[in-house]
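*Asks:* Below is one structure. I have some questions about it.
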Amino acid sequence: MATIEHATATSSLQELAKRHLWMHFTRMGAYHDHEIPIIVKGDGCYLWDEHGNKYLDGLSALFCVNIGHGRHDVAQAGADQAKELGFVTNWSYAHPRCIELAARIASLAPGDLNRVFFTSGGGESVESAIKLSRQYHKLTGHPTKTKLIARSIAYHGTTMGALSATGITGLREPFEPLTPGGCHVPNTNPYRMPYGMTEADLAEAVKERIEFEGPDTVAAVIMEPVQNAGGCFPPPPGYFQRIREICDEYDVIMISDEVICSWGRLGEYFGAQRFDYQPDIITTAKGLTSSYASMGALIASDRIAEPFMEGSNSFIHGFTFGGHPMASAVAMANLDVFESENILENVRANEGYFRDMLESLRDIPIVGDVRGVGYFQAIELVKDKDTKQSFNDAEAEVLLRGLLSSELFKRGLICRADDRGDPVIQLAPPLIAGREQFDEIEGVLRPVLELASERMHVIEH
């Protein structure tokens, strides 16, 4: 039987964390001789650690806290709901807050996406969309349509189904064999187009993959409006419109994975609205509650939902906490803030200033590319601008984990130094951020990137 070490008056949070806490996607061995960062307070765009150090949250707590930290009004909405009804499941029952929230989400979603299936988070939303796609085709007489097409380096979640869509080899290998049926096509990285391909070819690659796999075997295509992993890949003009045409031609469900890109991140409620396309399903989470409570959702079109509404049919799937009353109340309060404080308008008004600030860093030798949309931007780091030569694995390890992550944090900026594709720094501040915060970010980024250029012996031109 495991030994339980109770906290005592002399036990520090550091000691307890190192002994008992298993953090996600974290090299726990790195903390044997170093402190675990312990965040104790948040307010607006800022966080504080246990030592009182202040940080600008340039990542919105992993693309989540869209309205900023410390919103007592949103927290109070959850507390008030708990006093009235703390929990009841959505399995065969409903409650007022989840009904109101479903209707509100449907009113904001594009086109006929009118059916809302609640989950506990983004991975669950993607898993639900995959299962819904498969069961839909079975109900409509096409039981062999089971495969899922996604893009290379894309991240869609960690469940076995979502992982089959994830196009990052290093995240897949430890858990293979995966759920069968995952297929991948080139992504839309504008800085590193596949050899011999044009922007127009990128959508056609989806058509070719459907034909290669066999149209009678492909259930769905899943894509983020702006791909996260690899560093904020925007779509070329007309890309998603062509994907829509291809999906219609082959009776394939189009899933827009908007766990990050919904709820204002791109300046609209949904990324599909920013790029003017109509998916069959949207997956969402994170900004839906600004993560003051754990909640996600699948939003399906009337067409996709229709077979499940007939006779004795049902979607044979669910989660205990999907549509949780407290989370639903928090989501409603969060959306109230969006409306009353003009959150979307703030993103639209300031995204140009944000991008211009990042573009100004191109004079630094290590900065190869700047890309993204709205409050979702990335800087790709290179050894040689002329050739676009990237860093090898050993160099990227030194650059990202040995220098950038620690140095940026030490200087008061939380962002993401990521190597799931080529090395990038990602920035996605809370949607309440303005020019003051962007100037602060530049004041940290520039000297640190200049330092990185010197230490990594980046070629100057």
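*Asks:* Around residue 342, what is the net charge, scoring Lys/Arg as +1 and Asp/Glu as -1 over all other residues with Cβ under 13 Å from its Cβ?
*Replies:* Details: positive: 348; negative: 336, 339, 341, 345.
It works out to a net charge of -3.
*Asks:* On to the next question. On alpha-carbon atoms, Rg over Rh for the stretch 72-340 using Kirkwood Rh? Spell out each step's value before the answer.
*Replies:* Working: Rg = 18.3 Å, Rh = 18.9 Å.
Using Cα coordinates only, the ratio equals 0.97.
*Asks:* Within the stretch 72-340, how many Lys pairs that are eight or more residues apart, or on different chains, come under 14 Å at the alpha-carbon? Kindly include the intermediate steps, with their values, before the conclusion.
*Replies:* Values: 131/145; 131/147; 138/147; 147/207.
Lysine pair count for the stretch 72-340: 4.
*Asks:* By how many nm would the segment from residue 363 to residue 450 grow when fully extended, if each residue of separation counts as 0.36 nm and the alpha-carbon distance is taken off? Show your work: numbers first, answer last.
*Replies:* Values: separation 87, 0.36 × 87 = 31.32 nm, distance 0.97 nm.
Additional length available on full extension: 30.3 nm.
*Asks:* Further, regarding this structure: Could you please report the charge total around residue 199, scoring K, R as +1 and D, E as -1 over all other residues with beta-carbon less than 13 angstrom from its beta-carbon?
*Replies:* Details: positive: 192, 242; negative: 201, 204.
Summing Lys/Arg as +1 and Asp/Glu as -1 gives 0.
*Asks:* Which whole-Hz couplings ³J(HN,Hα) result when phi for each residue of the stretch 173-185 is put into the Karplus expression 6.51 cos²θ - 1.76 cosθ + 1.60, θ = phi - 60°, listed in order with x for Gly and Pro?
*Replies:* With the stated coefficients, the stretch 173-185 comes to 3, x, 10, 5, x, 8, 4, x, x, x, 10, 9, 10 Hz.
*Asks:* Right, next: Restricting attention to the stretch 57-102, which chymotrypsin sites (Phe, Trp or Tyr not before Pro) occupy a DSSP loop and are surrounded by at most 14 other Cβ atoms within 10 Å? Numbers along the way, then the final one.
*Replies:* Working: sites: 63, 87, 91, 93; in loops: 87, 91, 93.
Those that pass, being in a loop and sparsely packed, are 87, 91, 93.
*Asks:* For residue 13 and residue 303, what does the FRET efficiency come to when R0 = 35 Å and r is the distance between their Cβ atoms, rounded to the nearest 0.05? Don't jump to the answer; show the numbers that get you there.
*Replies:* On the way: r = 51 Å, r/R0 = 1.47.
Computed FRET efficiency for residue 13 and residue 303 comes out at 0.10.
*Asks:* Using the count of nearby Cβ atoms within 10 Å as a rough guide to exposure, how do 319, 354 rank from fewest to most? Show your work: numbers first, answer last.
*Replies:* Values: 319 20, 354 24.
By the 10 Å Cβ count, ascending, the order reads 319, 354.
*Asks:* Still on this structure, I have one more. Suppose the chain between residue 50 and residue 245 were pulled fully straight at 0.36 nm per residue; how much longer would it get relative to their current alpha carbon spacing?
*Replies:* Difference between extended and current length: 64.9 nm.
*Asks:* Let me have the 222 nm mean residue ellipticity of the chain computed from DSSP H runs of 4+ only, each contributing -39500 (n - 2.57), with the sum over all residues rounded to the nearest 500. List each step's numbers first, then the result.
*Replies:* Working: 16 runs with 165 residues, N = 461.
Calculated from helices alone, the mean residue ellipticity at 222 nm is -10500 deg cm²/dmol.
*Asks:* While we're looking at this one, here's another question. Mind listing which chymotrypsin sites (Phe, Trp or Tyr not before Pro) in the stretch 190-233 are in a DSSP loop and have 11 or fewer other Cβ atoms within 10 Å?
*Replies:* Numbers: sites: 191, 195, 212; in loops: 191, 195.
Sites meeting the loop and neighbour criteria: 195.
*Asks:* I would also like to ask the following. Using a Förster radius of 41 Å, what is the FRET efficiency between residue 397 and residue 278 based on their Cβ-Cβ separation? Nearest 0.05, please.
*Replies:* 0.45
*Asks:* Figure the gain on full extension for residue 191 and residue 99 (residue separation times 0.36 nm, minus the Cα-Cα span) and round it to one decimal in nm.
*Replies:* Net length gain for the segment: 28.7 nm.
*Asks:* Still on this structure, please answer the following. Test of understanding: ordering 183, 415 by Cβ neighbours within 10 Å, fewest first, what list do you get? Working shown, then result.
*Replies:* Details: 183 19, 415 23.
Going from sparsest to densest Cβ surroundings: 183, 415.
*Asks:* Do any GluC sites (Glu not before Pro) in the stretch 324-399 lie in a loop, going by DSSP, with at most 14 other beta-carbon atoms within 10 Å of their beta carbon, and if so which? Walk me through the numbers before you get to the answer.
*Replies:* Numbers: sites: 339, 341, 345, 351, 359, 380, 395, 397; in loops: 341.
Listed in order of number, the matching sites are 341.
*Asks:* Sequence gap at least 6, Cα distance under 8 Å: using those rules, report the relative contact order of the chain to the nearest whole percent. List each step's numbers first, then the result.
*Replies:* On the way: 884 pairs, mean separation 95.1, N = 461.
Computed over the chain, the figure is 21 percent.
*Asks:* Using only the alpha-carbon atoms of the chain as identical scatterers, what base-10 log of I(q)/I(0) does the Debye formula give at q = 0.14 Å⁻¹?
*Replies:* These q points yield log10 I(q)/I(0) values of -1.47.
*Asks:* Additional query: Give the percent of DSSP beta bridges with both residues in the chain that are antiparallel, rounded to the nearest 5.
*Replies:* Working: 33 of 49 bridges.
Antiparallel bridges make up about 65 percent of those DSSP assigns within the chain.
*Asks:* Which ³J(HN,Hα) values, rounded to whole Hz and listed in residue order, are derived for the stretch 41-56 from phi using the Karplus coefficients 6.51, -1.76 and 1.60 in 6.51 cos²θ - 1.76 cosθ + 1.60 with θ = phi - 60°, glycine and proline given as x?
*Replies:* 8, x, 8, x, 8, 10, 10, 10, 9, 5, 8, x, 6, 9, 9, 7
*Asks:* Follow-up question, since we're still on this one. Nearest 5 is fine: what % of DSSP beta bridges in the stretch 72-340 come out antiparallel, could you say?
*Replies:* Values: 11 of 25 bridges.
The antiparallel fraction comes to roughly 45 percent.
*Asks:* Describe numerically, in nm with one decimal, the distance between label points set 7 Å from Cα along Cα→Cβ at residue 35 and at residue 310.
*Replies:* Between residue 35 and residue 310, the label points sit 6.3 nm apart.
*Asks:* Right, next: Could you work out the relative contact order of the stretch 72-340, using alpha carbon pairs under 8 angstrom and six or more residues apart, expressed as a whole percent? Before the final figure, lay out each step's value.
*Replies:* Values: 511 pairs, mean separation 81.2, N = 269.
Over the stretch 72-340, the number comes to 30 percent.
*Asks:* Hey, another quick one. Can you sort 275, 409 so the residue with the fewest Cβ neighbours within 10 Å comes first? Spell out each step's value before the answer.
*Replies:* Values: 275 21, 409 17.
The most exposed by this proxy come first: 409, 275.
*Asks:* Here's something else I'd like to know. Find me the longest stretch of the chain that has none of the exposed trypsin sites (Lys or Arg not before Pro), where exposed means in a DSSP loop (not H, G, I, E or B) with at most 16 other Cβ atoms within 10 Å.
*Replies:* The longest such stretch corresponds to 28-387.
Values in this text are rule-based calculations from the coordinates and carry no lab data. Values in this document were obtained by computation on a predicted structure and should not be read as measured data. Cβ atoms come from the backbone with ideal geometry, glycine included; neighbour counts cover every protein chain shown.
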